[in-house]
Structure formats: structure tokens, C-alpha cells
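Engineer: So that we are looking at the same thing, I have put the structure below in C-alpha cells.
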Amino acid sequence: MSKRSIDALEGFVVITGASSGIGLELARRAGEDGVSLLLVADRDLSEGEAAAKAAGAKEVETLVCNLATDAGVEQVVAAIGSRPVSALFANAGQGLGHAFLEQDWEEARKVIDTNVVGTAHLIHAVGRQMRARDEGRILVTGSIAGHMPGSFQLVYNSTKAFINNFCIGLANELKETNVVVTCLEPGPTDTEFFERAGLMDTNAGQSDKADPVKVAHDGYKAMLAGDDDIVSGFMNKVQAVFGDILPNDMVAQMHRKFAKPKHGGS
Ligand SMILES: NC(=O)c1ccc[n+]([C@@H]2O[C@H](COP(=O)([O-])OP(=O)(O)OC[C@H]3O[C@@H](n4cnc5c(N)ncnc54)[C@H](OP(=O)(O)O)[C@@H]3O)[C@@H](O)[C@H]2O)c1
């Protein structure tokens, strides 16, 4: 059952991964609600800051830190201070293509540390604050990849399986409170994600992709509505369902065709 639906966000909002892609569009959308924003990423956030301000944000602060580390998450918590967070968008994440045993372990580990450890750590800190006030909303960017054993993007898909399940379970743990947890599950989206993950020489990298504006708006709307989860896009809904019901080895084989590099080995 959906929790209380609201028309707009108010107050102080934190968005991670707001330097580009879906997070930048979430910042722009939150700006339209006139909130105060803390935008977080590991590089220059001036584009996200300008977009949120132009959209109408009351105030925009930025924080550059590495959310793959405890120190980075603690910097975000310190920047929040005693301010009540009305909404957290835990969106920062990264992919990594190629066969698992060909990947550099430190790069693979950074994907796990960012997508799983850093995300859960930040939600733990901010979620406790929300539970104590008995109000707040958390939108986490999972992925339809979490429904698929992801050959040739294995670590990434596995992190998103964690995130998708984690969000639905956390929403259930908090169902008797006024804290909303929503999981946004996009499919392939036209951001810097594929280039940064080394996936351009794959069917995944060359596939048709969704507009990050639409994806961000779908997630934002679901969070305002108090929904537990939203798969953005009709065909992605179909793929998520098939990912759940087809035999795992069949899905892994389909993912192999999607994510295996076309040239130059694995
Ligand atoms: N694009 C897709 O097809 C797709 C599909 C499903 C789900 N998603 C998810 O959507 C979310 C946003 O990705 P996107 O597609 O918008 O890609 P993007 O344009 O590459 O944006 C990723 C954002 O996450 C930030 N980030 C990554 N690692 C970080 C770290 N260790 N510390 C701090 N910030 C970090 C990046 O900041 P820096 O630039 O500072 O690194 C950037 O702001 C991710 O969680 C991704 O897994 C994407």
C-alpha cells in the first residue's frame, strides 16, 4: 500500500551523484520545488548547481567527496549537520564492463564500495534521523540490472540486486512510520554511465536509451506518491519481469549478448 502522497518537496534535500545524468536531472526537478539543496559528487558540481538554481532552488550547496569511502560518507553527514533532511536521493553509482576476472580488482571494489557500502552507509545515517522525526523520503537509484545475473557487467548488476532488495525491505521495515523509501529502477539511460563503465563497444552501449529527464521525473513522482518502487519505461517493466521469471542461466546468456565487448576479447 502507498504511503501518504504529497504534491511537492519542501525544506532541505540531499542528492548524491548530482554532477551528471539522472542525478543532475533530479537536482533540476527538486529545484522546481524551491527547496534548499546539498548536491554531492566526486567531481565538479557546477552544472548541477546552475541547473537547480535556474529551476528555482532556494539555496544550493555543493560537496565534492568520494562516496566509496567511509570518510566521504562522513563528510556528507557532517555537511548535513543537525538540519532535518526532508528527502535524500541516494543516486550516486557507477558501472564496470568486461569479464569479472579481467577487471582490475580495485576498480571492481570501488563499484561495490560506491553502489552498496557507501549507499547503505548514507541511508543508515540519514534514515535514523528521519525515523527519529517520523518523516522524510528516500529515493534510491537501483536498476532493472538488479533483476539479471549480469555476465560481463557482473559486479554492477550484483550491486543493483542488493540495492533493489534492500530498498523494498527497508520500505517494509519502515511501513509503520511516515518515512517513505522508494526504489527507482531505470533501464539503459542516456548518460555518461556507459562511457565511464567501458561499455561503448557492446550492444548495451549502442542500444537505444531513455532520456534521463524522463527517468528522473518518474522516480521523483513515485517518491512524492509514496510508492515503494518504480521501473521507468514500459519495455523495462517487461524486462524486469522476464528477468525474474526466466531461468537464471538463460538470463545470464541474454546479458552476455548485451554486455560482452564486440571486439578485443572479453
Ligand atoms: N545510465 C543507465 O543506463 C542507468 C541505468 C540504471 C541505473 N542507473 C543508475 O543511475 C545512477 C546515476 O547514474 P547515471 O546514469 O546518471 O550516470 P552518470 O552520469 O555517470 O552519473 C553518476 C553520478 O554518480 C556519481 N558518483 C559515482 N561514483 C561516485 C563516488 N564514488 N563518489 C561520489 N559520487 C560518485 C558521479 O559523480 P562523479 O562524476 O563525481 O564521479 C555522477 O554524479 C547510478 O546509480 C547508476 O547505477 C543508470
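Engineer: Check the range 70-77 and report whether any residue there is open to solvent by less than 50 Å² (accessible area, probe 1.4 Å) and away from the ligand (no atom under 11 Å from the Cβ). Reasoning before the result, please.
Structural biologist: At the first step, the residues of the range 70-77 found to be open to solvent by less than 50 Å² (accessible area, probe 1.4 Å) are 72-73, 76.
Then keep just the ones that are away from the ligand (no atom under 11 Å from the Cβ); that gives none.
Looking through the range 70-77, none of the residues is open to solvent by less than 50 Å² (accessible area, probe 1.4 Å) and away from the ligand (no atom under 11 Å from the Cβ).
Engineer: Out of the residues in the range 22-37 that are part of a helix (DSSP H, G or I) and open to solvent by 20 Å² or more (accessible area, probe 1.4 Å), state the one that is nearest to the ligand (Cβ to nearest atom). If you could, list the steps in order and put the result at the bottom.
Structural biologist: Within the range 22-37, the subset part of a helix (DSSP H, G or I) is 22-32.
Right, trim to open to solvent by 20 Å² or more (accessible area, probe 1.4 Å) and you get 22, 25, 28-29, 32.
Details: ILE22: 4, GLU25: 8, ARG28: 13, ARG29: 13, GLU32: 19 Å.
Once the filter is applied, the top-ranked residue is ILE22.
Engineer: Residue check, ALA132 against (1) open to solvent by 60 Å² or more (accessible area, probe 1.4 Å); (2) in contact with a strand residue (DSSP E or B) (Cβ under 6 Å, 6 or more places away or on another chain); (3) outside any strand (DSSP E or B), all met but one. Which one?
Structural biologist: (2)
Engineer: Among the residues of the range 253-265, what is the count of those that are assigned to a helix (DSSP H, G or I) and either basic (Lys, Arg) or at pLDDT below 95 (or both)? Reasoning before the result, please.
Structural biologist: We begin by selecting, within the range 253-265, every residue assigned to a helix (DSSP H, G or I); these are 253-259.
Pick out the ones that are also either basic (Lys, Arg) or at pLDDT below 95 (or both) and you get 256-257.
The number of residues fulfilling the criteria is 2.
Engineer: Just to be sure, is GLU47 assigned to a helix (DSSP H, G or I), open to solvent by 60 Å² or more (accessible area, probe 1.4 Å) and touching a residue at least 24 places away in the same chain (Cβ under 8 Å)? I'd like the intermediate steps shown before the answer.
Structural biologist: Numbers: assigned to a helix (DSSP H, G or I): yes; open to solvent by 60 Å² or more (accessible area, probe 1.4 Å): yes; touching a residue at least 24 places away in the same chain (Cβ under 8 Å): yes.
Yes; evaluated as a whole, the condition is true for this residue.
Engineer: Output the helices (runs of 4 or more DSSP H) that fall wholly within the range 154-252 and possess 3 or more residues being more than 9 Å from the ligand (Cβ to nearest atom) and either among the small types (Gly, Ala, Ser) or touching a residue at least 24 places away in the same chain (Cβ under 8 Å) (or both), or say none.
Structural biologist: Details: elements: 154-173, 193-196, 203-206, 212-225, 234-245.
Fully inside the range 154-252 and qualifying: 154-173, 212-225, 234-245.
Engineer: Go through the range 172-208 and give me each residue that's open to solvent by 10 Å² or more (accessible area, probe 1.4 Å), closer than 30 Å to ARG4 by Cα and of a type in the set (A, V, I, L, M).
Structural biologist: LEU174
Engineer: Find all pairs meeting these conditions: Cβ atoms under 6 angstrom apart; at least six residues apart or on different chains; first residue within the range 70-88 and basic (Lys, Arg); second residue more than 13 Å from the ligand (Cβ to nearest atom) and open to solvent by less than 80 Å² (accessible area, probe 1.4 Å).
Structural biologist: The qualifying pairs are ARG83/PHE12.
Engineer: Given the conditions (1) open to solvent by 60 Å² or more (accessible area, probe 1.4 Å); (2) modelled with pLDDT of 95 or more; (3) not basic (Lys, Arg), report the number of the one that THR16 does not fulfil.
Structural biologist: Only one criterion in (1) open to solvent by 60 Å² or more (accessible area, probe 1.4 Å); (2) modelled with pLDDT of 95 or more; (3) not basic (Lys, Arg) is unmet by THR16, namely (1).
Engineer: Also: Look at the range 78-107 and say how many of its residues are within 10 Å of the ligand (Cβ to nearest atom), of a type in the set (A, V, I, L, M, F, W, C) and not in a strand (DSSP E or B).
Structural biologist: 1
Engineer: Among the numbered criteria (1) within 16 Å of the ligand (Cβ to nearest atom); (2) part of a helix (DSSP H, G or I), which single criterion is violated by ALA54?
Structural biologist: Condition (1) is where ALA54 drops out.
Engineer: Still on this model: Tally the residues that are in a loop (DSSP other than H, G, I, E, B) and within 13 Å of the ligand (Cβ to nearest atom), restricting the search to the range 7-21. Before the answer, list the steps.
Structural biologist: Applying the first criterion (in a loop (DSSP other than H, G, I, E, B)) to the range 7-21 yields 7-11, 17-20.
With within 13 Å of the ligand (Cβ to nearest atom) added as a condition, the list becomes 17-20.
So the count comes out to 4.
The values are calculated or read from the model by the stated rules, or taken from the named source; none is laboratory data. The model shown is predicted, which means the values in this text are computed figures rather than measured ones. Backbone-built Cβ (ideal geometry, glycine too); neighbour counts: all protein chains shown. The protein model used for the area step is the full one, side chains on, heavy atoms only, and it has no ligands, DNA or RNA in it. Shrake-Rupley method; radii C 1.70, N 1.55, O 1.52, S 1.80 Å.
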